[in-house]
Each structure stands twice: as C-alpha cells, then as structure tokens.
Amino acid sequence: MTDYRPQTIISHPHCLAHDTGGGEHPENPERLRLIHQRLRDGPLASSISEIAAGKAAREDILVYHTEPYLFRLEETALKGQTYIDHRDNQICFESYEAILLAAGGCLTGIDLLEGQGHDQVFCSIRPPGHHAEKAMALGFCFVNNAVVAGRYWQRRYGRGKIAIIDWDAHHGNGIQDAFEDDPNVFYISIHEHPTFSFPGTGYAEEKGLGPGVGATLNIPLPPGADDAMFLRAMSRFVEPALESFQPERLIVSAGFDGHMLDDMSGLSYSTDLYEEIGKRMAGLAARYCQGKILSILEGGYHLEALAASVERYLLGLAKYK
Ligand SMILES: [Zn+2]
C-alpha cells in the first residue's frame with residue numbers, strides 16, 4: 001500500500017485542439033496526451049483526481065495583457081492565420097479557446113486550493129505561458145498563465161505575497177516583466193544562461209525595478225549544468241530568499257525542457273532530479289503555504305522525457321512527509 005498525498009490534475013480536452021501545424025512543431029498536443037497516459041498507467045493513478053479547467057474571463061487576462069492584444073489574438077486565430085508575431089507561435093481556429101482554458105485552468109486550480117481537500121494542484125495545460133508579454137506572443141506562449149494566476153490569487157482571495165518559482169530551462173521574461181516593479185510578487189527563475197539561451201533575458205543583475213528591487217531573483221546556469229548544480233542553486237539562493245520573503249502562496253512554473261534528452265536547452269538534468277524538485281517544492285509549500293502549491297506546465301519537448309519527468313515531479317510532491 002502506498003500513502004501518496006492526493007494529486008489534483010487540471011486539464012481540458014480542448015487543450016489538445018490547439019494545433020501548432022502538425023507534429024513537427026515541438027509544442028504539440030502529443031505532449032499532454034503522453035503525460036496523461038503515463039499518469040493513468042503509473043503508480044499515482046489511484047491518487048489523482050482529474051478536474052476540468054474552466055475558462056478565464058477577459059478581465060482575468062486583462063490584469064496583464066492589453067485589450068488590443070487580446071482582440072488581435074482572438075482575431076488572428078478565428079481568421080485562420082497560422083501564426084502571430086513570429087512563426088514560432090503557431091495558432092489555429094481552436095487556439096483562442098485553448099488559451100482561455102489554459103489560463104482558466106490555473107484559476108480553477110486556485111479555487112480548489114482555497115477550498116477544501118486540494119493541496120497539490122498540477123495544471124497540465126497548453127499552450128504554455130511564461131514567455132508571453134503584455135502585448136506580444138513569444139516562444140509558443142500567448143497568454144501568461146502564471147501572471148494571470150498570481151494576480152487572481154491576490155484579487156480574488158486577498159493573498160498578498162506570492163512567490164513564483166520557474167525552473168523551466170528558459171527565463172520567464174513575461175513573468176518578470178509583469179512583476180518586476182511589484183515588491184509583493186517574488187519571481188525566482190533558474191534557467192540556462194541567457195548568453196546561450198532563448199529569450200536572452202534573465203541575467204543575475206536583473207533584480208527588479210523601483211519598489212520591486214529585490215523581488216526578482218535570476219539564477220542563470222551554464223550550459224551542461226546538472227542535477228547537483230540545480231540543487232546547489234536551490235539551497236544557496238532560492239531557499240534563503242524565500243525565507244526572507246515569507247510567501248503566502250506558491251506558484252511553480254514547471255517546465256521540463258532542462259532534461260538532458262531535451263534539445264531545447266543545453267542543460268543536463270536527469271529524470272531523477274524532477275522527483276527531488278517535487279520534494280523541495282512540497283517542502284517550501286509546507287513551510288510557508290499550509291502545503292498548498294499550484295504547479296503550471298510550461299515547456300518540455302522530448303515526449304518520453306517530459307512524461308516521465310512530470311510523473312517523477314508529482315511523485316516527489318506526493319511522497320513529501
Ligand atoms: Zn522552456
């Protein structure tokens with residue numbers, strides 16, 4: 001018998017309808033299909049509740065994105081154009097609905113966390129969000145799911161201090177942009193050094209602006225960085241920073257493209273690392289947030305490594321004592 005902590009997975013079948021131009025694009029529906037299949041067949045199957053994402057309202061998205069951008073995004077999808085702002089950002093007729101469900105799924109997750117019986121919520125959604133800026137799609141991202149979630153947590157539930165930990169291989173430029181002048185939202189990112197990696201932001205010198213100085217922490221790692229370097233960054237920088245910030249709520253931008261098999265980055269993490277990350281994140285949530293943690297899927301493009309790493313991350317959360 002296992003005694004895993006219950007895991008809540010938020011998703012929606014329509015997230016699969018966001019077609020990025022066939023299977024050639026790295027951010028394709030197979031990502032979610034494989035994650036869900038792996039979870040259904042694996043050791044966590046009986047510990048998982050699956051809950052359907054709700055749709056984000058316009059006003060939830062307009063806390064960051066501009067109205068003209070949102071209209072442009074909707075129009076671009078509905079007119080049948082195949083991309084927005086850059087050819088990387090492939091889009092189809094169904095994409096706008098998927099975008100609202102991806103962001104909305106995070107809000108569904110927050111509602112569950114603020115209710116009873118859900119402490120560890122993973123939003124298995126696409127498209128991802130952390131590169132999206134207020135009026136620009138970037139890096140397969142259209143609406144910034146983590147930003148929408150952070151603001152919703154503050155506005156709807158009065159949670160003042162939010163920490164967002166982003167360990168996708170790439171810097172979450174959009175999250176940083178949204179919160180860099182806000183002392184109440186602490187954005188922490190561990191990513192491959194911007195000299196070598198998309199989108200070219202996230203230098204250690206970027207520490208926030210104006211009243212937000214000190215509430216942005218960028219930890220760039222060199223190409224080839226491995227599990228030990230990641231964990232050292234956690235212990236030396238992330239954990240002490242959170243101890244002084246004392247967050248009320250924790251959002252994890254969970255990207256899995258730092259895996260050694262994933263060719264979207266030069267990082268060299270093993271599948272085992274993700275279970276350890278799960279334990280660490282659960283530990284932080286227990287320390288500051290009554291165990292409540294919202295994880296949002298960002299990148300991760302090697303299909304088998306992605307599915308295995310998501311499972312191990314959730315196992316790490318689920319095993320936390
Ligand atoms: Zn990434």
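Values for this structure:
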| read-out | value |
| --- | --- |
| Nearest-20 debye value, the chain charge dipole, Cβ charges on Lys, Arg, Asp, Glu | 920 |
| Amide H within-cut-off set for Glu133, under 5 Å, with H built and near neighbours excluded | Leu138 |
| Kyte-Doolittle at least -0.5, axis length at least 20 Å by Cα - qualifying DSSP helices, the chain | 95-114, 271-288, 303-319 |
| Cα pair count fraction exceeding 28 Å, expressed as % - the range 7-319 | 30 |
| Cα→Cβ-extended label distance, 7 Å offset, between Gln116 and Lys134, nm | 4.1 |
| Residue-averaged [θ]222 nm for the chain, counting only DSSP H segments that reach four residues, each worth -39500 (n - 2.57) | -11000 deg cm²/dmol |
| Bridge type composition, the range 7-319 - antiparallel percent by DSSP, nearest 5 | 10 |
| Inter-part distance where the range 12-66 and the range 121-165 are each reduced to a Cα centre, Å | 14 |
| Listed residues Thr20, Tyr83, Leu62: farthest to the positive end of the dipole of the range 1-95 (Cβ charges) | Thr20 |
| Inter-probe distance in nm under a simple model that places probes 7 Å from Cα toward Cβ, at Arg58 and Gln81 | 1.9 |
| Cα lying deepest toward the dipole's positive end in the range 7-319, options His259, Ser244, Pro128, charges on Cβ | Ser244 |
| Additional length obtainable on full extension of the chain from His25 to Glu243, 0.36 nm per residue less Cα span | 74.5 nm |
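Throughout, read-outs are computed from the coordinates displayed, never taken from laboratory work. Fair warning: this is a prediction, and the values are worked out from it, not measured in the lab. Don't worry about glycine lacking a Cβ; one is built from the backbone with ideal geometry, like all the others, and counts go over all protein chains shown.
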